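Comments concern the structure below.
Read-outs: derived from the displayed coordinates by stated rules, not from any lab. What you see is a predicted model; the values in this text were computed from it and never measured. We place every Cβ from the backbone using ideal geometry, glycine too, and count neighbours over all the protein chains shown.
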Amino acid sequence: MLIIESHKDVPTKAGGDMRVFLFHPSIPNYPKAKFPGVVVFSEIYQVTGPVARFCRQIASHGYICAAPSSYHEFTGPEALAYDGPGTDKGNDWKVAKKVSAYDEDATLSVDLLVGLETCNGRIGRGATGMCLGGHLAFRCAFDKRIKAAVCYFATDIHSRTLGEGKKDDSLNRIKDIKGELVMIFGKKDTHVPPDGRDLIRKSLHEAGASFSFYEPAWAQHAFIRDELSKGRYDPALAGICFQMLLELFGRTLDGDLGPVSGEFGEPEDVC
């Protein structure tokens, strides 16, 4: 499936315009096609190359992806580098930003998808994300318009330390989640230790949430990030987890191609 990429700058109450990167599937001769939408939340480095490639993967299966830049209060939409200074900035801004501002970003991103002619009506919406973005996808599922969320190695849920004051309420609000969750953590993830993962699983059970929980034995934190500077990327496990994402979204979100229009001509002779 072909992909059209663009972006929209969305004003926020928290401060600054939030750039939302859009990855839109396109099927020739189906001008009325409507697709499910997925909000893709990034790690602490904003929308990096690995995050954009993740969005393209999802979009190629027929989902409109909206990837918001989280740190619009502090900087532009440019990605931070996967180095010491970039990591320090990302971690500092992660706890300087208000939790209410993260929630506003999520609401505005879902609003943007709903407002698209190609993603309105009865079409479903989902959420996913990695690291910080896994936690934000979890919180995005508080929005009743979200039917499913896949949360990759979501940080700070177990410790309740997201945002300004390091005192979020994510575990306390699990009953607000009406859609289905997939929670994915590597057993070698030092950011979310075993007792933290156990707490999240126990809290989901006690709240009666509909969820799957997967812990690959040898995976480290950020094992789906296809960037090798930190030596954690595991392509085989990333592929297995991506199939879990496709299964959930394929079962819970709906699409509508509409009628075919025009004739299928000869392919272009291009390289």
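Projected over all directions and averaged, the alpha-carbon convex hull of the stretch 89-149 occupies 4.4 nm².
Its DSSP H runs of at least 4 residues, each contributing -39,500 (n - 2.57), put the calculated 222 nm mean residue ellipticity of the chain at -9500 deg cm²/dmol, to the nearest 500. Rounded to the nearest 0.05, what FRET efficiency do A217 and R173 give with R0 = 22 Å and r taken as the Cβ-Cβ distance? Could you check? Given R0 = 22 Å and the Cβ-Cβ separation, E is 0.10. Taking other residues whose beta carbon is less than 11 angstrom from the beta carbon of A96, and scoring Lys, Arg as +1 and Asp, Glu as -1, yields +2. Straight-line reach from K187: taking Cα to Cα under 23 Å and skipping same-chain neighbours fewer than 8 places apart, the lysines in range are K202, K230. Model label sites at V95 and T12, defined 7 Å from Cα along the beta-carbon direction, differ in position by 1.9 nm.
Peptides 155-162, 58-65, ordered by how many other C-beta atoms sit within 10 Å of their residues on average, highest first, read 58-65, 155-162. Normalising by residue count, the chain has a Cα convex hull of 134 Å³ per residue. With a ≥ b ≥ c the root eigenvalues of the C-alpha gyration tensor of the stretch 154-262, is it rounded (a/c under 1.5), prolate (a/b larger than b/c) or oblate? Because a/c hits 1.5 or more and a/b fails to exceed b/c, the stretch 154-262 counts as oblate.
Within the stretch 2-252, DSSP assigns beta bridges of which about 35% are antiparallel (rounded to the nearest 5).
Remark: spin-label model distance E117-S60 equals 2.8 nm, labels positioned 7 Å along the Cα→Cβ axis. Each Lys and Arg Cβ is given +1 and each Asp and Glu Cβ -1; about its Cα centre, the chain then shows a dipole of about 880 debye. The GNM of the chain, with springs linking C-alpha atoms under 10 angstrom apart, assigns the highest mean-square fluctuation among G84, G76, G231 to G84. Across all directions, the average projected area of the convex hull around the alpha carbons of the stretch 134-188 is 3.8 nm².
Of all lysines in the structure, the ones whose alpha carbon falls short of 18 Å from that of K167, not counting any fewer than 8 places away in one chain, are K94, K97, K98. Each peptide among 36-46, 92-102 gets the average number of other Cβ atoms lying within 10 Å of its residues, and from highest to lowest they stand as 36-46, 92-102. Comparing K147, K34, K166 in a Gaussian network model of the chain (Cα springs below 10 Å), the most mobile by mean-square fluctuation is K166. Model label sites at T190 and F74, defined 7 Å from Cα along the beta-carbon direction, differ in position by 2.2 nm. A cut-off under 10 angstrom between Cβ atoms defines the neighbours of S210, and their net charge, with Lys, Arg +1 and Asp, Glu -1, is 0. In the stretch 1-122, one over the average inverse separation of all distinct C-alpha pairs is 14.9 Å, which is the Kirkwood hydrodynamic radius. The charge dipole of the stretch 60-166, taken about its Cα centre with unit charges on the Cβ atoms of Lys, Arg (+1), Asp and Glu (-1) only, comes to about 500 debye.
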